[in-house]
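Participant: The structure that follows is given in the form of structure tokens.
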Amino acid sequence: MVDPKLHWENIYKTKSSKDVSWYQPHLKKSFDLILELGLSKDAEIIDVGGGASTLADELLSKGFSNITVLDISREALEVSKKRLADKAHTIQWLEADITTVELKPSHYSLWHDRAVFHFLTKSEDRQKYVGTLQNTVKSQGHVLIATFGPNGPLKCSGLEIIRYSAESLQKELGQEFKLKKQLTEIHSTPFSTTQEFLYCLFKRK
């Protein structure tokens, strides 16, 4: 059985963050959807699995001031800390597994996850993830999840994944969250292949 933490630490120790298949220099789809929400600049935002992602940089550039980046990999978090340099202290960094971490209840206005949920192939891990999400997202808060879509790959980074439709993702989150928007992106990898990503934006009722 693969130890998730050891797996991801090894990925970021042996590869550049720009050489993983899901890498994007600019998370345009996520960024645009977030800006459309009209959140206040002091809204609490968490980027789950966002260790080496540039989303935090882009949110900072727009004046957002309460950003948390959570990742299971210390190596991934270090990539962003080094890139942000003297701005790194403005971010809250959490080295943790999203299926076991304890987060503040009713705390976040926005939960963002690009390419974590589809790695949770065990039902109990998905239940733990959703339980944490339900506990920590505020009433009327938003959840933006990007997973591999129905035509996405069956494996990523040597691991099995689960592909989702908007309907199946809605079923995982439960009726407490209402689907507001869905988008499909054909992501071009650094290896000249493509991956279908499905972006689903939910709002807590």
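The values are calculated or read from the model by the stated rules, or taken from the named source; none is laboratory data. These numbers were taken from a predicted model, which means no experiment stands behind them. Ideal geometry is used to build each Cβ from the backbone, glycine not excepted, and the neighbour counts take in all protein chains shown.
Participant: When the stretch 120-133 is examined, which residues are found to be in contact with a helix residue (DSSP H, G or I) (Cβ under 8 Å, 6 or more places away or on another chain) and assigned to a helix (DSSP H, G or I)?
Facilitator: Kept after step one, since they are in contact with a helix residue (DSSP H, G or I) (Cβ under 8 Å, 6 or more places away or on another chain), are these residues of the stretch 120-133: 120, 126, 129-130, 133.
Listed by number, the residues that qualify are Arg126, Tyr129, Val130, Leu133.
Participant: Continuing with the same structure: Could you tell me how many of the residues in the stretch 111-143 are within 11 Å of the chain's Cα centre (by Cα) and not aromatic (Phe, Trp, Tyr)?
Facilitator: Restricting attention to the stretch 111-143, the residues satisfying the condition of being within 11 Å of the chain's Cα centre (by Cα) are 111-118, 143.
So of that shortlist, the ones also not aromatic (Phe, Trp, Tyr) come out as 112-116, 118, 143.
Residues in the stretch 111-143 being within 11 Å of the chain's Cα centre (by Cα) and not aromatic (Phe, Trp, Tyr): 7 in total.
Participant: Suppose we keep only residues that are part of a loop (DSSP other than H, G, I, E, B) and of a type in the set (Lys, Arg) within the stretch 155-205. Which one would you say is surrounded by the fewest Cβ atoms within 10 Å (Cβ to Cβ)?
Facilitator: Looking only at the stretch 155-205, we keep the residues that are part of a loop (DSSP other than H, G, I, E, B), and these are 157-158, 161-165, 174-176, 189-193, 205.
So of that shortlist, the ones also of a type in the set (Lys, Arg) come out as 163, 205.
Numbers: Arg163: 16, Lys205: 9.
Top of the filtered list is Lys205.
Participant: Then there's this: Among the residues of the stretch 148-205, which ones are among the aromatic types (Phe, Trp, Tyr), under 18 Å from Gln24 (Cβ atoms) and in contact with a strand residue (DSSP E or B) (Cβ under 9 Å, 6 or more places away or on another chain)? Break it down into steps so the answer makes sense when it comes.
Facilitator: Here is the first cut: in the stretch 148-205, the ones among the aromatic types (Phe, Trp, Tyr) are 148, 164, 177, 191, 197, 199, 202.
Still in the list and also under 18 Å from Gln24 (Cβ atoms): 148, 191, 197, 199.
If the condition is that a residue be among the aromatic types (Phe, Trp, Tyr), under 18 Å from Gln24 (Cβ atoms) and in contact with a strand residue (DSSP E or B) (Cβ under 9 Å, 6 or more places away or on another chain), then Phe148, Phe197, Tyr199 are the ones that fit.
Participant: Looking at (1) out of contact with any strand residue (DSSP E or B) (no Cβ under 9 Å at 6 or more places or on another chain); (2) buried (at least 18 other Cβ atoms within 10 Å of the Cβ); (3) polar (S, T, N, Q), which one does Ser16 not meet, given that it meets all the others?
Facilitator: Here Ser16 meets the rest and fails (2).
Participant: Follow-up question, since we're still on this one. Among the numbered criteria (1) in a loop (DSSP other than H, G, I, E, B); (2) in contact with a strand residue (DSSP E or B) (Cβ under 6 Å, 6 or more places away or on another chain); (3) more than 26 Å from Leu6 (Cα to Cα), which one does Pro105 miss?
Facilitator: Tallying (1) in a loop (DSSP other than H, G, I, E, B); (2) in contact with a strand residue (DSSP E or B) (Cβ under 6 Å, 6 or more places away or on another chain); (3) more than 26 Å from Leu6 (Cα to Cα), Pro105 fails exactly one: (2).
Participant: With the checklist (1) farther than 14 Å from Val116 by Cβ; (2) among the aromatic types (Phe, Trp, Tyr); (3) touching a Leu at 6+ places or on another chain (Cβ under 8 Å) in hand, flag the one item Tyr164 doesn't pass.
Facilitator: Of everything listed in (1) farther than 14 Å from Val116 by Cβ; (2) among the aromatic types (Phe, Trp, Tyr); (3) touching a Leu at 6+ places or on another chain (Cβ under 8 Å), Tyr164 misses just condition (1).
Participant: Here's something else I'd like to know. Examine the stretch 115-129 for a residue that is more than 19 Å from Leu144 (Cα to Cα) and of a type in the set (Asp, Glu), and state whether such a residue exists. Reasoning before the result, please.
Facilitator: Quick first cut of the stretch 115-129, residues more than 19 Å from Leu144 (Cα to Cα) only: 121-124.
Adding the requirement that they be of a type in the set (Asp, Glu) leaves 124.
Looking through the stretch 115-129, at least one residue is more than 19 Å from Leu144 (Cα to Cα) and of a type in the set (Asp, Glu).
Participant: Inspect all residues belonging to the stretch 22-44 and state whether any of them is small (Gly, Ala, Ser), part of a helix (DSSP H, G or I) and surrounded by fewer than 18 Cβ atoms within 10 Å (Cβ to Cβ). First the steps, then the outcome.
Facilitator: Filtering the stretch 22-44 down to residues small (Gly, Ala, Ser) leaves 30, 38, 40, 43.
Next, only the ones that are part of a helix (DSSP H, G or I) stay: 30.
So of that shortlist, the ones also surrounded by fewer than 18 Cβ atoms within 10 Å (Cβ to Cβ) come out as none.
Within the stretch 22-44, not a single residue is small (Gly, Ala, Ser), part of a helix (DSSP H, G or I) and surrounded by fewer than 18 Cβ atoms within 10 Å (Cβ to Cβ).
Participant: Still on this structure, I have one more. For the stretch 45-77, which positions are part of a helix (DSSP H, G or I) and within 24 Å of Thr132 (Cβ to Cβ)? Break it down into steps so the answer makes sense when it comes.
Facilitator: Residues of the stretch 45-77 part of a helix (DSSP H, G or I): 55-61, 74-77.
Those that are part of a helix (DSSP H, G or I) and within 24 Å of Thr132 (Cβ to Cβ): Leu55, Ala56, Leu59, Arg74, Glu75, Ala76, Leu77.
Participant: Any residue at all in the stretch 139-148 that's closer than 24 Å to Ile72 by Cβ and not in a strand (DSSP E or B)?
Facilitator: From the stretch 139-148, those closer than 24 Å to Ile72 by Cβ are 141-148; that's our starting set.
Subsequent filtering for residues that are not in a strand (DSSP E or B) retains none.
Within the stretch 139-148, none of the residues are closer than 24 Å to Ile72 by Cβ and not in a strand (DSSP E or B).
Participant: Give me a count of the residues in the stretch 1-24 that are modelled with pLDDT under 85 and of a type in the set (D, E, K, R).
Facilitator: Counting residues in the stretch 1-24 that are modelled with pLDDT under 85 and of a type in the set (D, E, K, R) gives 4.
Participant: Quick check: is even one residue across the stretch 59-69 surrounded by fewer than 18 Cβ atoms within 10 Å (Cβ to Cβ) and of a type in the set (A, V, I, L, M, F, W, C)?
Facilitator: Within the stretch 59-69, the subset surrounded by fewer than 18 Cβ atoms within 10 Å (Cβ to Cβ) is 60-63, 65.
So of that shortlist, the ones also of a type in the set (A, V, I, L, M, F, W, C) come out as 60.
Looking through the stretch 59-69, at least one residue is surrounded by fewer than 18 Cβ atoms within 10 Å (Cβ to Cβ) and of a type in the set (A, V, I, L, M, F, W, C).
Participant: Does the stretch 133-154 hold any residues that are loosely packed, with under 14 Cβ neighbours inside 10 Å and more than 24 Å from Val2 (Cβ to Cβ), and which are they? Before you say what the answer is, go through the steps one by one.
Facilitator: So in the stretch 133-154, the residues loosely packed, with under 14 Cβ neighbours inside 10 Å come out as 135, 139-140, 150-151, 154.
Answer for the stretch 133-154, where residues must be loosely packed, with under 14 Cβ neighbours inside 10 Å and more than 24 Å from Val2 (Cβ to Cβ): Asn135, Ser139, Gln140, Pro150, Asn151.
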